[in-house]
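Q: First the structure, which I've put down as structure tokens, then a few questions once you've had a look.
The values are calculated or read from the model by the stated rules, or taken from the named source; none is laboratory data. Only a predicted model underlies this, so the values are computations on that prediction, with no experimental measurement involved. Please note: Cβ atoms are built from the backbone with ideal geometry, for glycine as well, and neighbour counts cover all protein chains shown.
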């Protein structure tokens, strides 16, 4: 009888630990950025970002290995600091926000590397096209905020080709390669 009670207690504790370790996180918009950089004329980086985006993260354990990450951005929130350029980017020449109002990313794998590094692989959907992409990620740490909730910081970087997604026409003045830069602060729900 003692063995049955002990076995049941151990199973309950193990199940409880799994439940406690599994965590849901969401982005803190005030402290996060989903940006990009593209070469103009081969000599200058033009930077921009999507002002309206959301990130959710679900972790199955104490670290972020095997996490699932979903990110959605409103294409019409694109901002490069120049209204005329932003308005052009929203047209059918580039993002075609009327037809394709969102960009999305859904991870298919998160692998821990050395130190603070992770590799995040998933499907990026933009301009009606879905492609598998891989990002390098760094977990910059986890702290408690003023409300006592866990807050984790990440930097994700990766490169895509706009031609793979049908965004914009080939141009000698604008690079095909776009660097994606995400600085994310996520709060445990």
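Q: Show me the strands (runs of 3 or more DSSP E) found entirely inside region 19-98 where at least 2 residues are closer than 30 Å to residue 173 by Cα and under 17 Å from the mean Cα position of the chain (by Cα).
A: 33-40, 44-50, 68-74
Q: Count, please, the residues in region 66-84 that happen to be farther than 21 Å from residue 183 by Cβ and in contact (Cβ under 8 Å) with a residue 24 or more places away in the chain.
A: Residues flagged as farther than 21 Å from residue 183 by Cβ and in contact (Cβ under 8 Å) with a residue 24 or more places away in the chain within region 66-84 amount to 2.
Table: residues versus (1) touching a residue at least 40 places away in the same chain (Cβ under 8 Å); (2) surrounded by 15 or more Cβ atoms within 10 Å (Cβ to Cβ); (3) touching a helix residue (DSSP H, G or I) at 6+ places or on another chain (Cβ under 9 Å); (4) under 21 Å from residue 78 (Cβ atoms).
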{"position": "117", "(1), (2), (3), (4)": "no, no, no, no"}
{"position": "121", "(1), (2), (3), (4)": "no, no, no, no"}
{"position": "173", "(1), (2), (3), (4)": "yes, no, no, yes"}
{"position": "188", "(1), (2), (3), (4)": "yes, yes, no, no"}
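Q: While we're here: Taking the residues in region 132-144 that are loosely packed, with under 13 Cβ neighbours inside 10 Å and farther than 17 Å from residue 111 by Cβ as candidates, determine which candidate is farthest from the chain's Cα centre (by Cα).
A: Ranking the candidates gives 144 first.
Q: Follow-up. Looking only at region 151-173, how many residues end up being modelled with pLDDT of 95 or more and in a strand (DSSP E or B)?
A: Total meeting the criteria: 11.
Q: Follow-up. Does residue 58 count as touching a helix residue (DSSP H, G or I) at 6+ places or on another chain (Cβ under 7 Å) and modelled with pLDDT of 95 or more?
A: Answer is no for this residue.
Q: Scan region 126-146 and report the pairs whose first residue is free of Cβ contacts under 8 Å to residues at least 40 places away in the same chain and at positive phi and whose second residue is assigned to a strand (DSSP E or B) and surrounded by 12 or more Cβ atoms within 10 Å (Cβ to Cβ), with Cβ atoms within less than 7 Å and a gap of 6+ or a chain change.
A: 141/153
Q: Still on this structure: Starting from region 92-109, take each residue that is in contact (Cβ under 8 Å) with a residue 24 or more places away in the chain and list its partners that are loosely packed, with under 13 Cβ neighbours inside 10 Å, counting only C-beta distances under 7 angstrom and pairs at least six apart or across chains.
A: 100/128
Q: Can you confirm whether region 69-78 contains a residue that is within 20 Å of residue 106 (Cα to Cα) and surrounded by fewer than 15 Cβ atoms within 10 Å (Cβ to Cβ)?
A: yes
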